[in-house]
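Working notes, structure below.
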């Protein structure tokens, strides 16, 4: 049996951890993840004329950041727009956000399942995704790049991407600004950047 002072310490530690987790989650969802994505996009050193596809763009946070870097390009976002997955997740909301950020002329929005993309092979210079890897690779141009940010399975994704002829597959931690609740999530948080180098075998696979 614990005496009262020990119980008090336990309650205090639990309260501190709960407060820390809540604060970390709010920071990540309101600011941290956007800062991280902005840095990822800047590291790609885009020319400004690329065709970029965001799979599961939701309200457009990453999509619109990408569009702001494309004075001569296009940022295309797809989603199934389910409000039960994220509040205000609707095509009209994302379109409004694009207009508010003054990038609407560079943005296209489509309703589609990322597992069955309504695009032909080899259209995009960059695909941003967290799943549907095979479809993401299919629509990449030779030399195009894929960025994946996810909580789980990033190592398995890397293995699969190499099977799909992706090269320069690198994995990096997303850091504390992407914790979503605390450092205990950190080992599972990572993003992958890789390049699609198409071969005759892979070309036949997608024909």
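The values are calculated or read from the model by the stated rules, or taken from the named source; none is laboratory data. Since this is a predicted model, take the numbers as computed values, not measurements. Don't worry about glycine lacking a Cβ; one is built from the backbone with ideal geometry, like all the others, and counts go over all protein chains shown.
Here are a few things to note about the model shown:
- One residue from 106, 100 being buried (at least 20 other Cβ atoms within 10 Å of the Cβ) and over 16 Å from residue 195 (Cβ atoms): 106
- Residue within the range 72-80 that is buried (at least 19 other Cβ atoms within 10 Å of the Cβ), at pLDDT 65 or above, more than 23 Å from residue 170 (Cα to Cα) and touching a helix residue (DSSP H, G or I) at 6+ places or on another chain (Cβ under 6 Å) present: yes
- All positions within the range 81-112 that are over 19 Å from residue 38 (Cβ atoms) and touching a helix residue (DSSP H, G or I) at 6+ places or on another chain (Cβ under 8 Å): 81, 95, 104, 109, 111
- Any hit, the range 159-169, residues being part of a loop (DSSP other than H, G, I, E, B) and modelled with pLDDT under 75: yes
- Just one of the listed residues (115, 156) is in contact with a helix residue (DSSP H, G or I) (Cβ under 9 Å, 6 or more places away or on another chain), over 19 Å from residue 39 (Cβ atoms) and modelled with pLDDT of 75 or more, and it is 115.
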